[in-house]
Every structure is written in structure tokens, then in C-alpha cells.
Amino acid sequence: MAPKFPDSVEELRAAGNESFRNGQYAEASALYGRALRVLQAQGSSDPEEESVLYSNRAACHLKDGNCRDCIKDCTSALALVPFSIKPLLRRASAYEALEKYPMAYVDYKTVLQIDDNVTSAVEGINRALMDSLGPEWRLKLPSIPLVPVSAQKRWNSLPSENHKEMAKSKSKETTATKNRVPSAGDVEKARVLKEEGNELVKKGNHKKAIEKYSESLLCSNLESATYSNRALCYLVLKQYTEAVKDCTEALKLDGKNVKAFYRRAQAHKALKDYKSSFADISNLLQIEPRNGPAQKLRQEVKQNLH
């Protein structure tokens, strides 16, 4: 008698899981694909089940080194259930394998907004960007989605019947946060993250401090000092273009931010843009005429101008 193949979505998914555990990734991929076709043929709306099947098939593609199809399936999974950790991590791994480091960074960073204890995401960020793209990496980044609070650290605790409703609402929430005015809670969270960044600077961990300041600015980008503090980290790491950019943002918020003028002057000097450096120092000294470090820097820059 010929063996009976599974027919239902549940049976096909279970068979796919078993094949995956046995290292039979091509077979598992085929079973997940068949389950997807059966589910879609039924015409019933079950975005969570469909998302899981896409994500599981993506894991098979990743194991077989088929990164492009992995990315495609993860994207389909996330379109159905946004901010699901497994497809985000799998897509990030695939992007990283294809050396698309900015895209990998965005997915890893999104995961950390959902749950900041995911070690593989923390390691992925450092591996994909800090050591791989050099000082210009932030200029190459696409925008990072701001994960709604409802999705943060709550996937494991939510009853499954609530997932469908959350899947429908998440895209609207993400769109709404782009131009939102920070709430009092956002401002407080930003302050706490900034202080955590400050403590990391004191310990000499400037890379991690940059991450904290960046997270703070995602909550609220209205604090001039957060930009100028992050600029200090970029200066230490010799990422001078980034330092200039952050100081400029700081000065848009506070035109008398002395630290921003001084750090931008330092960055311009390192970039050999002595004219801009001298202009920043001159502006600083109009605010604080007796600033000793600024007077010293002005003399150094002056020598390079002649």
C-alpha cells in the first residue's frame, strides 16, 4: 500500500517541522509550500498561520543558502504579521550573508525594539555594521521602523486569538508614529536612555553609547544634548562626518549649544575643513569668550588657514 501523504494544513506543517528537525530542508520547504497552497485554496483568512508557514519555509531557504528566497518569504510573513521576531531575524541573517549590511542592521534594530534581550540581534548589529561598513555606515541606512509599544516584549504573552487584531492594527500604528509629537512617556523614556548612554560614555563604551542615544532619539528627537553627546562618541571613534551631522541637528534645536559648536569644530578640523572649523569656534567664543579649550583650538585652526 502506498504511503498516505498529509492533506491538511496542520498535518503538512507538522510533517515539515519533522523534516526540518531531521535536516531535510528541501523536503521541509516543499511541505510548507504545499501547506501554504492548501491554506490559500481554502480562502479562509488566517494571517498568523500563513505568516508562520512563510517564516518556516524561509528558515529552510536560509539553511540551504538560498538567501534571496529567504528574504522574499520573510517579507511575506511580516506583511501578514508585522514585527514578528523570527522572520525579522531570518531576513537579517539573509541580508547579512548577501553583504547587505544596512538592511540587516534595520531588521536587527527592529528586533531589539521588540525585545532588547535578543542576543543574536545585538551581536548581529555589531557584526554587520560596526566592523563591516566603516565610518560612513549611518549614511547608508534606510529608515528604521519605530515599533509600537503594543508589540514590544509581548508576543509570547499574548493569547493567540488577539494576534489577528494586532496584525491589522500594527501598520496603522507605525504610520502614525512617523510624524507624532512625543508623549510625556516618550520623553521620559528618551531621558532614561540618554542617561544610560551617558553612563556608557563614562565607562568608555562609545559604541554601545551610540546605540542608547539612537534609541533615545527614536523616542523623542527634541533633546539637543542627545545629539551633541552622540557626536562626542563619533569623534572618539573617528567618525567625523557623523559627528558633524549630529552637531548640526543639535544646533537646530539649541543655537547656543556650546558643546555642539566645539565638537563640530573638532570634526571639521579632522576633516581638514578649517574654514568651517574656524567659523564654529568663532560662534562659540561669541557665546563664551573665555572658553579656554575653544581659544586653544582656534589658534590651532588658524595656523592651518595660513
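The values are calculated or read from the model by the stated rules, or taken from the named source; none is laboratory data. Computed from a prediction, not measured in an experiment: that's the story for all the values here. Positions of Cβ are generated from backbone atoms using ideal geometry, with glycine treated the same way; all protein chains shown enter the neighbour counts. Each accessible area value is taken on the protein alone, full model and side chains, heavy atoms only, with ligands, DNA and RNA left out. Shrake-Rupley method; radii C 1.70, N 1.55, O 1.52, S 1.80 Å.
Taking N as the residue count of the range 215-306, its C-alpha radius of gyration divided by 2.2 N^0.38 Å amounts to 1.04. Within a straight-line Cα-Cα reach of under 19 Å, Lys189 can be paired with the following aspartates and glutamates, leaving aside sequence neighbours fewer than 8 residues apart in one chain: Asp115, Asp116, Glu173, Glu199, Glu211, Glu215, Glu223. The stretch between Gln24 and Thr241 holds 73.3 nm of extra length on full extension. This uses 0.36 nm per residue minus the Cα-Cα distance. Shown is the FRET efficiency for Gln299 and Leu253, computed with R0 = 22 Å from the Cβ-Cβ distance and rounded to the nearest 0.05: 0.15. Packing here is the average count of other Cβ atoms within 10 Å per residue, and on that basis the peptides 224-230, 190-196, 52-58, highest first, run 52-58, 224-230, 190-196. What's the FRET efficiency of Arg290 with Leu98 using the Cβ-Cβ distance as r and R₀ = 41 Å, to the nearest 0.05? It comes out at approximately 0.15. For the range 3-88, the fraction of C-alpha pairs more than 17 angstrom apart is 43%. Sorting Ile85, Ile210 by accessible area puts them as Ile85, Ile210; the probe is 1.4 Å, largest comes first, and only protein heavy atoms count.
When all protein chains stay in place and ligands, DNA and RNA are ignored, the 1.4 Å accessible-area order of Leu62, Leu112, largest first, is Leu62, Leu112.
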